[in-house]
Amino acid sequence: MSLHRQSERPSSIACDIVVVGDGMLGLAIALACRDRAADARVVVVGPPSRPGAASPAAAAMLTAFAEVEPGTLRHAGRRAKFDLARRSVPRWPAWIAAFADRAGVPTPALTSGTVVTATDPAIDGPVLAAIAAAAEEHGVPFDSLELRDVPGLRPRRTPPEAPAIRIPGEGAVDPIQVLDVLDRAAAAAGIERVAGRAIDLDEQVVAIDDGTRIRSPQVILAAGAATSTLLDTHPRLRDRLPRIRFGTGVGIRATTPPDVVVPNEVVRTPNRRDGHGVYFAPHGHGRFYIGATCEISDEPVETPRIAALRRILDAAMDDLSQELGRATCQPVLGHRPTTDDGLPLLGRATDSIWIASGTHRDGFVSAPEIADRLASDLLTGTTTLPVELRPDRMPFPIGRGPDA
Ligand SMILES: Cc1cc2nc3c(=O)[nH]c(=O)nc-3n(C[C@H](O)[C@H](O)[C@H](O)COP(=O)(O)OP(=O)(O)OC[C@H]3O[C@@H](n4cnc5c(N)ncnc54)[C@H](O)[C@@H]3O)c2cc1C
């Protein structure tokens with residue numbers, strides 16, 4: 001990997017494309033640009049430890065239909081966002097295998113199967129019905145079942161006859177393994193890395209915190225929840241675009257002891273507006289993830305609160321399995337890039353600046369489609385990113401949308 005060491009870094013770099021942000025989207029977009037412009041000098045900027053990033057803290061559920069809520073498909077923006085995930089899900093096995101191949105490392109294992117269960121039928125029932133209707137509309141296979149039919153579950157509170165839907169084609173992956181594959185694939189593809197933070201932005205120029213200036217005709221901002229902080233430094237873009245805030249999410253990574261049986265597929269409640277859902281995502285080799293909280297603020301939150309961990313554990317043991325409490329664990333925290341209307345900002349913002357952020361809870365799964373479309377639009381002048389998700393759209397607050 002061609003990381004510049006601080007002492008070796010030139011004070012000025014000229015390249016063809018600079019990507020600010022080294023998370024899932026930044027790497028996927030840089031690789032997609034490289035595939036379409038083999039001779040272009042592509043540079044990715046970001047602190048290699050990725051402090052506070054969403055991608056390494058994600059459950060990395062590769063789900064689209066399991067995320068559907070009543071009204072998702074009736075609203076043009078939400079439907080466009082859903083479509084990016086829906087089209088990405090079946091692409092994942094070949095997409096990540098191709099990068100692993102180029103990186104010369106094994107392909108991360110993808111677990112298949114997602115069970116969505118109505119642990120509180122009054123709240124969750126209509127959402128389950130919306131998921132089933134969306135799957136039917138798109139011809140996606142699913143089964144109806146009861147919680148007792150899912151191997152490895154032993155909830156403390158939810159009755160065994162709670163209704164559920166299984167979507168065999170949706171699953172999960174270990175995000176750390178995916179980032180490792182993309183880091184290595186980027187190095188193998190000759191994508192250069194600058195290990196720093198962008199602190200100032202203007203047309204065709206990005207200033208890095210060590211004094212380096214990167215000049216590039218195309219600047220792609222994929223700095224996750226920090227994207228608006230950087231946009232604030234641009235002479236014309238401050239307060240002109242929907243704001244991306246910090247959606248702090250806390251989750252728990254865990255490992256099961258050999259005698260504990262847990263499900264081998266994703267098991268989750270549907271999305272709930274009160275944020276009190278819970279999910280379990282297997283990451284292979286006895287490891288799993290349970291999550292997650294979401295607290296939205298204008299500044300990042302650095303460390304998880306004990307109350308957040310308690311909420312996740314209680315919900316997981318009440319609704320999924322008491323056995324989960326016997327695992328060893330480590331809390332994780334990341335900042336979901338979150339807009340007020342819940343929709344991402346994807347596309348061109350000025351002559352030289354493009355934005356890929358605001359993906360909130362599904363930027364991981366949607367990365368293949370977002371990366372390919374953004375690279376295509378930038379390099380070939382097509383318009384494949386949805387117009388409803390353009391950075392300069394007018395936002396509407398969540399809860400006041402047409403179908404809320
Ligand atoms: C708890 C949790 C669970 C989630 N679960 C899922 C899930 O199951 N499925 C799913 O699809 N999505 C999930 N998500 C959402 C998903 O993680 C995000 O949508 C996605 O990872 C966003 O990727 P990104 O590259 O835009 O942002 P990030 O991953 O945040 O990456 C941004 C990068 O930019 C860097 N950066 C920041 N500021 C600067 C700067 N000034 N200069 C240079 N670099 C900078 C950061 O260091 C970081 O590495 C989850 C998120 C969280 C927090």
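Each reported figure results from applying straightforward, stated rules to the coordinates on display, with no laboratory input. The shown structure was predicted, so the numbers you read here are calculated from the model rather than taken from an experiment. Neighbour counts are summed over all protein chains in view; Cβ atoms, including those assigned to glycine, are modelled from backbone coordinates with ideal geometry.
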Legend entry - Loop sites in the stretch 138-171: trypsin sites (Lys or Arg not before Pro), DSSP, at most 16 other Cβ within 10 Å: Arg156, Arg157
Inset, instruction - When you have a sec, figure out the Kirkwood radius of the stretch 203-357 from all distinct Cα pair distances and drop it here in Å to one decimal? - result: 17.9
Inset, instruction - Restricting things to alpha carbons, tell me how big the stretch 159-216 is in terms of Rg and Dmax, in Å. - result: 21.0, 62
Legend entry - Unit charges on C-beta of K, R, D, E only; dipole of the stretch 295-403, Debye: 120
Inset, instruction - Please report, in debye to the nearest 20, how large the charge dipole of the chain is about its Cα centre when each Lys and Arg carries +1 at its beta carbon and each Asp and Glu carries -1 there. - result: 360
Inset, instruction - Among Ala356, Ile296, Leu309, flag the residue with its Cα farthest along the positive direction of the charge dipole of the stretch 214-360, charges on Cβ as +1 for Lys/Arg and -1 for Asp/Glu. - result: Ala356
Inset, instruction - Output ³J(HN,Hα) for the stretch 158-167: one whole-Hz value per residue in order, computed from phi by the Karplus curve 6.51 cos²θ - 1.76 cosθ + 1.60 with θ = phi - 60°, and x for Gly and Pro. - result: 5, x, x, 8, 4, x, 8, 10, 10, 10
Inset, instruction - Would you compute the Debye intensity of the stretch 272-358 from its alpha-carbon atoms alone, equal scatterers and no solvent, and pass along log10 I(q)/I(0) at q = 0.11, 0.22, 0.26, 0.27 Å⁻¹ to two decimals? - result: -0.44, -1.16, -1.38, -1.43
Inset, instruction - Find which of Ile167, Gly152, Pro386 sits farthest along the positive direction of the dipole of the chain, computed with +1 on the beta-carbon of Lys and Arg, -1 on that of Asp and Glu, about the Cα centre. - result: Pro386
Legend entry - the stretch 1-156 - percent relative contact order, Cα under 8 Å, separation 6 or more: 17
Legend entry - Cα centroid separation, the stretch 228-265 to the stretch 111-156 (Å): 25
Inset, instruction - First select every other residue whose beta carbon is under 9 angstrom from the beta carbon of Ala58; then total the charges, Lys and Arg +1, Asp and Glu -1. - result: +2
Inset, instruction - Just round it to a whole percent: the fraction of Cα-Cα distances in the stretch 220-277 exceeding 17 Å. - result: 63
Legend entry - Positive-end residue, the stretch 53-114 charge dipole about Cα centroid, Cβ charges, pick of Trp95, Ala80, Pro56: Ala80
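Per DSSP helix of 4 or more residues, -39500 (n - 2.57); summed, then divided by the residues of the chain. What does that give at 222 nm, rounded to the nearest 500? List each step's numbers first, then the result.
Working: 8 runs with 107 residues, N = 404.
Per the formula, -8500 deg cm²/dmol.
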Inset, instruction - Kindly give Rg over Rh for the stretch 113-221, based on alpha-carbon atoms, with the Kirkwood expression for the hydrodynamic radius. - result: 1.26
Inset, instruction - Per residue of the stretch 202-214, in order, report the coupling 6.51 cos²θ - 1.76 cosθ + 1.60 (Karplus, θ = phi - 60°) as ³J(HN,Hα) in whole Hz, putting x for Gly and Pro. - result: 9, 4, 6, 9, 10, 9, 9, 5, 9, x, 5, 10, 9
Legend entry - Derived scalar couplings ³J(HN,Hα) [the stretch 97-104; Karplus, 6.51 cos²θ - 1.76 cosθ + 1.60; whole Hz; x for Gly, Pro]: 5, 5, 5, 4, 4, 5, 7, x
Inset, instruction - Scan around Ala54 for amide H atoms under 5 Å from its own, H built in the peptide plane at 1.01 Å from N, and keep only partners 5 or more places away or cross-chain. - result: Ala225, His335
Inset, instruction - Give me the orientation-averaged projected area of the Cα convex hull of the stretch 1-135, in nm², one decimal. - result: 11.5
Legend entry - Rounded to the nearest 20 debye, dipole of the stretch 1-124 from Cβ charges on Lys, Arg, Asp, Glu: 280
Inset, instruction - Using only Cα atoms, locate the centre of the stretch 320-345 and the centre of the stretch 14-69, then give the distance between them in Å, rounded to an integer. - result: 20
Legend entry - Estimated D of the stretch 259-309 in µm² per second, where Rh is the Kirkwood radius over Cα pairs and Stokes-Einstein applies at 4 °C, 1.567 mPa s: 99
Legend entry - Other-chain or far-sequence residues with amide H under 5 Å of Arg41's (modelled H): Asp16, Ile17
Legend entry - Base-10 log of normalised Debye intensity for the stretch 197-295 (one unit scatterer per alpha-carbon) at q = 0.15, 0.25 Å⁻¹: -0.77, -1.28
Inset, instruction - Over the alpha-carbon set of the chain, work out the extent along each principal axis and list the three values in angstrom, largest first. - result: 63, 47, 38
Legend entry - Amide proton proximity set for Ile244, modelled H, under 5 Å, gap of 5+: Ser228
